[in-house]
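The values are calculated or read from the model by the stated rules, or taken from the named source; none is laboratory data. Because the structure is predicted, anything quoted here is derived from the model rather than measured. With ideal geometry, Cβ positions are generated from the backbone for all residues, glycine too; neighbour counts draw on all protein chains shown.
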C-alpha cells in the first residue's frame, strides 16, 4: 500500500477526514444535497479543493461518509438497547432513526441512493439482529427484518420530506393539516370513505406516536405468526 507522504503546507489548515465530514454535514443540513459542493466546503474549511480530495474521492464518497456518520452515531446512541428486550430494542432503533432523519432530511435520500453500502448495512444489521433474537429463522427472519427496515426508513423519509415541504412553502403544520382535513372532509363519501373518515384526525395526529404504533403493529404480526407456527 502506498504510504500517505503528503505534508501540510505552511498556512494550510490541518485537515482530517472527520473534520471534512463534520463540515459536510453542516452544509447538507443547511442546504441539502445541492448545498454540498467542494467550493462551499473549501470556503468553510479555509483550504483548497485539492486538500479535500486527498481525504475523499468525490462527492458520492463524501455523501456516503456523511450519511454513515449520522447513522453510526444514531446506532451508537441506541447501543443501550443491547440490554433491552428485543422488541424494545427495535423500537429504540426505529425512533432513533426517525429522529435522525427528521433532523437531517438529506439522510433519507442518501440511504435510498446507496442501498448496499455501509450506512444501510449498519441499519440492516442493527434491526436484523434484534429480529433474529425474537426467534425468527429462514424466510420468516428475512420477511420480518425487511418489513421493519422498509417501514422505519420509509416513514422516516416521508416525514422528513413533509417537513422540508412545509419549510420550503412557509407552512404552519397545524394550519396546513387543518386545511387539508377540511378539503378531505368534503370528498365524496362513496368514492373516498377512508380518506374522508380520517380527515378530522389529520390536524392533531402525532407523527412520532403514529410511527411507533406502526412498529408495534409489525411486531404484533410477527408474534402472532410465531404463535400460529408454535
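Can you say whether residue 147 is over 24 Å from residue 110 (Cα atoms) and either touching a strand residue (DSSP E or B) at 6+ places or on another chain (Cβ under 6 Å) or touching a residue at least 40 places away in the same chain (Cβ under 8 Å) (or both), as far as the supplied structure shows? Against the criterion (over 24 Å from residue 110 (Cα atoms) and either touching a strand residue (DSSP E or B) at 6+ places or on another chain (Cβ under 6 Å) or touching a residue at least 40 places away in the same chain (Cβ under 8 Å) (or both)), residue 147 does not qualify. Applying a threshold of 9 Å to beta carbon distances and a minimum spacing of six or more residues, or different chains, the list of pairs starting in segment 37-48 at a residue that is at positive phi and ending at one that is at pLDDT below 95 and part of a loop (DSSP other than H, G, I, E, B) reads 46/12; 46/13. Of all residues in segment 166-182, those being surrounded by 12 or more Cβ atoms within 10 Å (Cβ to Cβ), assigned to a helix (DSSP H, G or I) and free of Cβ contacts under 8 Å to residues at least 24 places away in the same chain number 7. Here segment 190-211 is the region considered, the condition is being modelled with pLDDT of 95 or more and not in a helix (DSSP H, G or I), and the residue that is nearest to residue 134 (Cα to Cα) is 192.
For residue 99, state whether it is buried (at least 20 other Cβ atoms within 10 Å of the Cβ) and either in a loop (DSSP other than H, G, I, E, B) or at pLDDT 95 or above (or both). Criteria not met by residue 99. Any chance segment 212-229 includes a residue that's free of Cβ contacts under 8 Å to residues at least 24 places away in the same chain and assigned to a loop (DSSP other than H, G, I, E, B)? No, segment 212-229 contains no residue that is free of Cβ contacts under 8 Å to residues at least 24 places away in the same chain and assigned to a loop (DSSP other than H, G, I, E, B). If only residues of segment 10-35 that are surrounded by 10 or more Cβ atoms within 10 Å (Cβ to Cβ) and not in a helix (DSSP H, G or I) are counted, the one that is modelled with the highest pLDDT is 15. Quick check, is residue 71 crowded, with 20+ Cβ neighbours inside 10 Å and on the phi < 0 side of the Ramachandran plot? Answer is yes for this residue. All conditions in (1) surrounded by fewer than 17 Cβ atoms within 10 Å (Cβ to Cβ); (2) out of contact with any helix residue (DSSP H, G or I) (no Cβ under 6 Å at 6 or more places or on another chain); (3) touching a residue at least 24 places away in the same chain (Cβ under 8 Å) hold for residue 85, with the sole exception of (3).
Scanning segment 187-209 turns up one or more residues that are surrounded by fewer than 17 Cβ atoms within 10 Å (Cβ to Cβ) and either under 15 Å from the mean Cα position of the chain (by Cα) or closer than 15 Å to residue 90 by Cβ (or both). Comparison of 187, 136, 171 shows that the only residue that is in contact with a helix residue (DSSP H, G or I) (Cβ under 6 Å, 6 or more places away or on another chain) and modelled with pLDDT under 95 is 136.
If a residue must be assigned to a helix (DSSP H, G or I) and under 23 Å from the mean Cα position of the chain (by Cα), how many such residues does segment 42-88 contain? Here the count works out to 27.
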